[in-house]
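Just below is one structure, and these are the notes that go with it.
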Amino acid sequence: MTGNQLALWYLVASVLFILALKGLSSPTSARRGNLFGIIGMLIAVAFTMAIVKNHTLIVLAIVIGGTIGAVVARRVEMTQMPELVAAMHSLVGMAAVLIAIGAVNNPAAFGIHEPMPAGNRLELFIGTFVGAVTFSGSIIAFGKLAGLGKHFRLFSSAPVVFPGQHLVNLVLALAMIGFGIGFFLADDKGWMPFAVMTAIAFLLGVLIIIPIGGADMPVVISMLNSYSGWAAAGIGFSLGNTMLIIAGSLVGSSGAILSYIMCRAMNRSFFSVILGGFGAAEGTTAADAAQKQVKSGSAEDLAFLLANAESVLIVPGYGLAVARAQHAVKEMAQKLIEKGVQVRYAIHPVAGRMPGHMNVLLAEAEVPYDQVFEMEDINNEFGTTDIALILGANDVVNPLALEKGSAIYGMPILEAHKARTVVVNKRSMAAGYAGLDNPLFYMDKTMMVFGDAKKVIEDVVKALD
């Protein structure tokens, strides 16, 4: 195959990747976007295989990796998708580091002249530290999302901080750059500065993520997605592969844009998330919550209210995901619609633990897309809605975001407190991932229905029959 033919097919794959991103911008076109991405990747892999010499090892690696991926994909539940995504990001980062090590060890194998030119050293420096930060940062994010904090403090969903943390990070970053310059200027292979630079980058990845609290994890996931893309682009430069450069750049830039969107949704600056984070451990209860009184009801009470309403807005949260209640919710909504009730879903951009988490769950249950609305499109409707039904959400409906001095002040929220009646389903009065009590729960118009979301909604469905 000639170079021009390969470039043409890489161009076709690149166009398909762009169409995939375009398709993923809307739930109605997401499946088509995924299909474009799959076809593009098949083309990229197939024509890359056509130009390599040792097919045996590559095919063996694909078979092993594909088998492991298939087994993991079948076992992973939807509630575990955020940590799976973090784990996948870590693999891309480590791949960049390993390729950089191979290039330093044997430049000729990568088509690099010896002594290694300055441009190649710069590519390896950038690719290595981005890949190392992505790997170790993603491991910490995985541990936080998987709830491993009870076994190891660094994985706590609460911010892990210590005095002088920012200063330590700054010193380490400067040291990493210093050793990177040493590698860049080295007359020989430069193993010593390269190894120290890589080790510091691994450490920085840990220190950057541990102070970020659970409430900021959606931003962290999208940020690491961006890092993994840039790491892949770095691999492309090291290998001289334009397809990897293009694909990595698409992932990196789209991840950066998504991070910006997530930060806007939380009224947070990107740097404030990276440099500090906020939050308390998941499952903590606000100190004064025990002294406050709430009105509680049963699933039968909820069914009566819903059946006599004209309009209902459902606000799904992570509690719905944990209970895997999306199918029961869809069945309940269908019964209400048959009774003449208007049912819609209100989605906050950072509900759950990764961007689009709630949209994916509702799509899995085949909830019609025309019933699902984003925050900016539905917020004005709460004031004229009979019932706001909140299922396992907390921080994204917390009115404290409207009060100056609150840790989440300025964060845009779903204005469920404006509905005529508010019903909240939770397992307990535990605080959300931001560690803050929610005044919404104590309002006169609010009824709490405690219990597993799936069990509660199934009982509501029975009561509606």
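The values are calculated or read from the model by the stated rules, or taken from the named source; none is laboratory data. All figures in this text were calculated on a predicted structure; none of them were measured in a lab. Using ideal geometry, Cβ is built from the backbone for each residue, glycine included, and neighbour counts are taken over all protein chains shown. To get the accessible areas, we keep the full protein, side chains included, count just its heavy atoms, and leave off ligands, DNA and RNA. Shrake-Rupley method; radii C 1.70, N 1.55, O 1.52, S 1.80 Å.
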Nearest-5 percent of antiparallel DSSP beta bridges in segment 326-465? 0 percent
Mean Cβ-within-10 Å packing, highest first, puts peptides 292-298, 394-400 in the order 394-400, 292-298
With respect to the cross-link table entries Lys330/Lys426; Lys292/Lys426; Lys426/Lys462; Lys150/Lys292, which display a Cα-Cα separation exceeding 24 Å? Lys150/Lys292
Could you tell me which of rounded, prolate or oblate describes segment 1-48, using a ≥ b ≥ c as the square roots of the eigenvalues of the alpha-carbon gyration tensor, with rounded for a/c under 1.5 and, failing that, prolate when a/b is larger than b/c and oblate otherwise? prolate
May I ask for the angle, rounded to the nearest 10°, between helix 30-49 and the longest principal axis of the chain, with both axes built from Cα atoms and the value confined to 0 to 90°? 20 degrees
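Classify segment 58-157 as rounded, prolate or oblate from the Cα gyration tensor: take a ≥ b ≥ c as the square roots of its eigenvalues, call it rounded if a/c is under 1.5, otherwise prolate when a/b beats b/c and oblate if not.
Numbers: a/c = 3.83, a/b = 1.69, b/c = 2.27.
The shape class here is oblate.
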Helix 3-23 vs. the chain, principal-axis angle (Cα, 0 to 90°, nearest 10): 10 degrees
By the C-alpha gyration tensor axes a ≥ b ≥ c (rounded if a/c is under 1.5, else prolate when a/b exceeds b/c, else oblate), the shape of segment 335-390 is oblate
Based on Cβ point charges of +1 for Lys and Arg and -1 for Asp and Glu, what charge dipole magnitude is obtained for the chain about its Cα centre, in debye rounded to the nearest 20? 540 debye
20 Å-binned pair-distance histogram of the chain (Cα, whole percent): 22, 50, 24, 4
Coarse-grained scattering of segment 1-126 at q = 0.09, 0.12 Å⁻¹, given as base-10 log I(q)/I(0) from a Debye sum over alpha-carbon atoms: -0.38, -0.69
If the only charges are +1 at each Lys and Arg Cβ and -1 at each Asp and Glu Cβ, what is the size of the charge dipole of segment 76-224 around the Cα centre, to the nearest 20 debye? 320 debye
Sequence-distant lysines (8 or more away, or on other chains) whose Cα lies within less than 18 Å of Lys418: Lys295, Lys445
For peptides 448-459, 105-116, sequence by mean Cβ density within 10 Å, most packed first: 448-459, 105-116
Choose one of Pro159, Thr128, Ile39: the residue whose Cα lies farthest towards the positive end of the charge dipole of the chain (beta-carbon charges +1 Lys, Arg; -1 Asp, Glu; about the Cα centre). Thr128
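For the chain, with all protein chains present and a 1.4 Å probe, just round the carbon and sulfur fraction of the accessible area to a whole percent.
Numbers: 13950 of 21520 Å².
Of the solvent-accessible surface of the chain, carbon and sulfur hold 65 percent.
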Specify the angular offset, from 0 to 90 degrees and rounded to the nearest 10, of the alpha carbon long axis of helix 242-265 from the longest principal axis of the alpha carbons in the chain. 30 degrees
Work out the charge dipole of the chain with +1 on the Cβ of Lys and Arg and -1 on the Cβ of Asp and Glu about the Cα centre, then indicate which of Gln326, Tyr260, Met197 is farthest towards its positive end. Met197
Under unit Cβ charges (Lys, Arg +1; Asp, Glu -1), what dipole magnitude, rounded to 20 debye, does segment 380-465 have relative to its Cα centre? 100 debye
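Can you tell me which of 421-427, 165-171 comes out highest on packing, and rank the rest after it, using the mean Cβ neighbours within 10 Å?
Listed from highest to lowest mean packing, they are 421-427, 165-171.
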Please name which of Leu250, Ala299, Gly65 has its Cα lying farthest along the dipole of the chain towards the positive end, using unit charges on Cβ (Lys, Arg +1; Asp, Glu -1) and the Cα centre as origin. Gly65
